[in-house]
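Some notes on the structure that comes next.
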Amino acid sequence: MTAPESEPAVKSAPPPPVHDEEALTLLREGTLEVAGRLVEATNMTLYCSVRLGDRQAACVYKPVRGERPLWDFPDGTLAAREVAAFEVSQATGWRIVPPTVYRDGPFGPGMCQLWIDTEREIDLMRLVKSRNPVVRRMAVFDAVVNNADRKGGHLLPLPTGHVYGVDHGVCFSVEDKLRTVLWQWRGKPLSREAVAVLAKLERDIESGPLGRRLRELLSLAEVEATWQRVRRLLDTGVHPYPSEGWPAIPWPPI
């Protein structure tokens, strides 16, 4: 993630909580303190510290009131879409999206997400163009959530080899809007792991807790379209091709 504009109150981001549940509790219940703003972000994106008792972490807070209107997404829905992307990520078991919650904050309700410090020595462009299986999972995930803006800078590689993905505010449209830098698997057969995960997602969205949670965050039409995308991936058995009616790669790509 890009460094904040002003000198943060937290001199360096503390290590993130070890377990997602611990991080989610901290994000939901902790006290937010704004330290700076990420000036390169399109919408208001604030770098914060969050504290709960003796626990503390750095996080990103995106208030709904700071969202710029978009012609193709309903106003005031981007924060909920970020949380919906986290819910899908958790359901896959791939932990692509860092712990993310919807909560009130200094500038009203919005999305709050654990800050992730990245491996600075990794060549990001090389990672984007790679056949890394962790990145391949992200390509499947993006096809499910219909990510309209997967830039290379949205990949957060860790020293452990794990790769997080962030900035999912423009996902879950009912129209095909997949726009990504991860097209190297287009038309290739899905991995056995991906097929198994997609089969589970199909059930979870149709009649499980994931479907109920998504209906709290998205419109019914958007939840149905998400189920349909999962079904289409299972029916074709391959990674999708770029749409002919929508730009295939976001700009700028990084």
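The values are calculated or read from the model by the stated rules, or taken from the named source; none is laboratory data. No experiment lies behind these values; they were computed from the predicted model shown. Methodologically, a virtual Cβ is constructed for each residue, glycine included, from the backbone with ideal geometry; neighbour enumeration extends over all protein chains shown. Accessible surface is based on the protein model in full, side chains and every heavy atom, while ligands, DNA and RNA are left aside. Shrake-Rupley method; radii C 1.70, N 1.55, O 1.52, S 1.80 Å.
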Note to self: Using the basic label-point model (7 angstrom from Cα toward the beta carbon), what is the residue 206 to residue 107 distance in nanometres?
What the structure shows: 4.2 nm
Notebook entry, point to check: Rounded to the nearest 5, what % of the DSSP beta bridges within the chain are antiparallel ones?
Noted result: 95 percent
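Dipole magnitude of the chain about its Cα centre, charges +1 at Lys/Arg Cβ and -1 at Asp/Glu Cβ only, in debye to the nearest 20?
It comes to approximately 620 debye.
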Notebook entry, point to check: If one computes the Cα centroid of the range 27-90 and of the range 120-163, what distance in Å separates the two points?
Noted result: 21 Å
Item checked: Inter-probe distance in nm under a simple model that places probes 7 Å from Cα toward Cβ, at residue 75 and residue 37 -> 2.0 nm
Check: If you rank 101, 64 by how much accessible surface each has, with a 1.4 Å probe, what is the order from largest down?
Finding: 64, 101
Next item on the list: Rounded to the nearest 10 degrees, what's the angle between the helix 220-236 long axis and the longest principal axis of the chain, both from Cα atoms, 0 to 90?
Entry: 50 degrees
Notebook entry, point to check: Computed from these coordinates, which is Rg and Dmax of the Cα atoms in Å: (i) 18.3, 64; (ii) 17.4, 53; (iii) 17.1, 48?
Noted result: (ii)
Notebook entry, point to check: Setting aside same-chain residues fewer than 8 positions from residue 188, which lysines have a Cα under 22 Å from its Cα?
Noted result: 129, 151, 177, 200
Checklist line | Distance (nanometres) between label positions extended 7 Å along Cα→Cβ at residue 68 and residue 119 | finding: 3.3 nm
Next item on the list: Please give the solvent-accessible surface of residue 125 in Å², to the nearest 10, using a probe radius of 1.4 Å with every protein chain present.
Entry: 80 Å²
Margin query: Tell me the angle of helix 133-145 to the major Cα principal axis of the chain, expressed in degrees between 0 and 90 and rounded to the nearest ten.
Written below: 80 degrees
